[in-house]
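The values are calculated or read from the model by the stated rules, or taken from the named source; none is laboratory data. Fair warning: this is a prediction, and the values are worked out from it, not measured in the lab. Cβ atoms come from the backbone with ideal geometry, glycine included; neighbour counts cover every protein chain shown.
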Amino acid sequence: MDYKTAEKYLKDIGQEQLLDYFNELSISEQSQLLEDIQKTDFSVLENIGKKSAKPRGKITPIDAVSFAEIAQNRQQFEKEGLKLLSEGKVCALLLAGGQGTRLGFDKPKGMFNMGLSRNLPIFQILMNNMSESAVRAGRYFPVFIMTSSINNADTVKYFEDNDYFGYPKEKVYFYIQSETPACSYDGKVYLDKKHRIALSPNGNGGWYSSLVASGLNKVLEKEKIEWINLFGVDNVLQRICDPVFIGATALKNCGCGAKVVNKVSPDEKVGVMCKEDGKPSVIEYYEMDADLKNQRENGELVYRHGVILNYLFNLRALAATVSCKLPYHLAEKAIAHMENGERVIPAKPCGYKFETLAVDMVKLTGSAIAFEVEREREFAPVKNATGADSVDTARNLLIKNGVKL
Ligand code: UTP
């Protein structure tokens, strides 16, 4: 794209501020900016002002695969899960493209040391966990790691330096997630530098389209993988490629399994499994009104099955969803940007980033189970530096579960 074309294009879409510093740039910086303009998907800006990406359908409760049912069928579920793992039909996918702004750690979150008397980074905990499942199944499964352009180099180097934490290197595949532009509250896209558009990772729902864009879906096809266990970087207690969970989802012929924990209170900020227009779905905490949140039956919250970002997706069910566009959610964030010729790093939110969410894929798969797991044994999120869901609360839970820190 040349300057004239860019100028006309940006004028048409009301983004001409992106050329404010053009005349100050070197030739190579000018071509970098023109390339950014050409590559950026400005259509996400249409989501500003929409109350919700899409109105919700009729929400009703879902019956989970309960602790009692799991206890009764554990052997059968486990046998099926181990069979699928040993046949090489399952892989794991770690979502590590987030920016972890709440934790305030300036490296990839997985590099955060949970140890007290020893070095125990989050990546080590997660890879140990996967090695355990692999050893039980007698086969190492592929592990895909989604990073972002911001943290990819640090993440890959850390795995290299730490010998892949004992996991076979040839089974680990990294890819970088796609990006969306960040803008001010009035919809003007920010410049991160005079010659670079402010871009940010497109949310954890971007994992599948970014995997396809990276070409790594060929590995899935070549290895004839049928199931992907998707999980977040920040739950240090979760079980990954848990054979009981895999077996339950597969034996129930579902397109998706979601591990769920009982919410601690109606106001806990987690999405919950429910039915939407009769189909399994996830509703986010901010989409639930007080009535829905507080509804009880026999003393128990009706909408209590909190999701913990540990899903099993069937690839065939996912392929059927490829043509369905995931909705964009607006996240209010502090965005570094150029202002009057200076780069400012605001302490408070100053605009929007656009993110798709993995939770929105559950409904698209058409059939899903909510699989109950014990909170104290499988959910220790490291989100904040202090307070709830922080390093301290997660460390306490690790200690309770016998992990030496
Ligand atoms: P969070 O919703 O906690 O977001 O991510 P975050 O960016 O890591 O943290 P904050 O909100 O800035 O504090 C949940 C999971 O989704 C991944 C994260 O790495 C984490 O595993 N994620 C999030 C991505 O992989 N890409 C994204 O664009 C966003």
- request: Output yes when any residue across the range 342-364 is without any contact (Cβ under 8 Å) to a residue 12 or more places away in the chain, out of contact with any helix residue (DSSP H, G or I) (no Cβ under 9 Å at 6 or more places or on another chain), of a type outside the set (A, V, I, L, M, F, W, C) and farther than 20 Å from Ser66 by Cα, and no when none is.
  value: yes
task: Report yes if some residue within the range 376-390 is modelled with pLDDT of 95 or more, in contact with a strand residue (DSSP E or B) (Cβ under 6 Å, 6 or more places away or on another chain), closer than 24 Å to Asp63 by Cβ and not acidic (Asp, Glu); otherwise report no.
output: yes
task: State the number of residues belonging to the range 125-141 that are part of a helix (DSSP H, G or I) and crowded, with 19+ Cβ neighbours inside 10 Å.
output: 8
field: In the range 1-38, the residues that are assigned to a helix (DSSP H, G or I) and of a type in the set (Gly, Ala, Ser)
entry: Ala6, Ser28, Ser31
Single unsatisfied condition, Glu69 versus (1) touching a residue at least 24 places away in the same chain (Cβ under 8 Å); (2) more than 16 Å from the ligand (Cβ to nearest atom); (3) surrounded by 15 or more Cβ atoms within 10 Å (Cβ to Cβ); (4) of a type outside the set (A, V, I, L, M): (1)
message: Can you say whether Val261 is over 22 Å from the mean Cα position of the chain (by Cα) and surrounded by fewer than 24 Cβ atoms within 10 Å (Cβ to Cβ), as far as the supplied structure shows?
response: no
query: Of the numbered conditions (1) within 16 Å of the ligand (Cβ to nearest atom); (2) within 19 Å of Ala213 (Cβ to Cβ), Pro142 satisfies every one except a single condition; which is it?
result: (1)
- prompt: Within the set of pairs 6+ apart or on separate chains, which have a first residue in the range 270-295 that is without any contact (Cβ under 8 Å) to a residue 24 or more places away in the chain, a second that is surrounded by fewer than 16 Cβ atoms within 10 Å (Cβ to Cβ) and not in a helix (DSSP H, G or I), and C-beta atoms under 9 Å apart?
  reply: Tyr285/Asp267; Tyr285/Lys269; Tyr286/Lys269
query: Before we move on, is Asp186 within 24 Å of Gln30 (Cβ to Cβ), among the acidic types (Asp, Glu) and more than 12 Å from the ligand (Cβ to nearest atom)?
result: no
message: Return the residues of the range 307-347 that are within 14 Å of the ligand (Cβ to nearest atom) and either among the charged types (D, E, K, R) or assigned to a strand (DSSP E or B) (or both); say none if nothing qualifies.
response: Val307, Ile308, Leu309, Asn310, Tyr311, His329, Leu330, Ala331, Glu332, Lys333
message: Report every pair of residues separated by at least 6 positions or lying on different chains whose Cβ atoms are under 6 Å apart, first residue within the range 41-56 and of a type outside the set (A, V, I, L, M, F, W, C), second at pLDDT 75 or above and in a loop (DSSP other than H, G, I, E, B).
response: Asn47/Tyr328; Lys54/Pro327
message: Looking for something within 22 Å of Val244 (Cβ to Cβ) and not charged (D, E, K, R) - is there at least one such residue anywhere in the range 283-292?
response: no
query: Given (1) surrounded by fewer than 19 Cβ atoms within 10 Å (Cβ to Cβ); (2) part of a helix (DSSP H, G or I), where does Val403 come up short, assuming only one miss?
result: (2)
statement: Across the range 189-244, the tally of residues that are of a type in the set (Ser, Thr, Tyr), within 16 Å of the ligand (Cβ to nearest atom) and not in a helix (DSSP H, G or I) stands at 1
query: What single numbered condition from (1) away from the ligand (no atom under 16 Å from the Cβ); (2) assigned to a helix (DSSP H, G or I); (3) buried (at least 17 other Cβ atoms within 10 Å of the Cβ) fails to hold for Thr155?
result: (1)
task: Evaluate the following for Asn253: is it at pLDDT 95 or above and touching a Lys or Arg at 6+ places or on another chain (Cβ under 7 Å)?
output: no
task: Taking only the range 79-121 into account, find how many residues are away from the ligand (no atom under 16 Å from the Cβ), aliphatic (A, V, I, L, M) and buried (at least 16 other Cβ atoms within 10 Å of the Cβ).
output: 5
- prompt: Out of the range 358-405, which residues are more than 15 Å from the ligand (Cβ to nearest atom), of a type in the set (A, V, I, L, M) and closer than 25 Å to Asn113 by Cα?
  reply: Leu397, Leu398, Ile399, Val403, Leu405
task: Considering every residue within the range 287-298, establish whether at least one is surrounded by fewer than 23 Cβ atoms within 10 Å (Cβ to Cβ) and within 16 Å of the ligand (Cβ to nearest atom).
output: yes
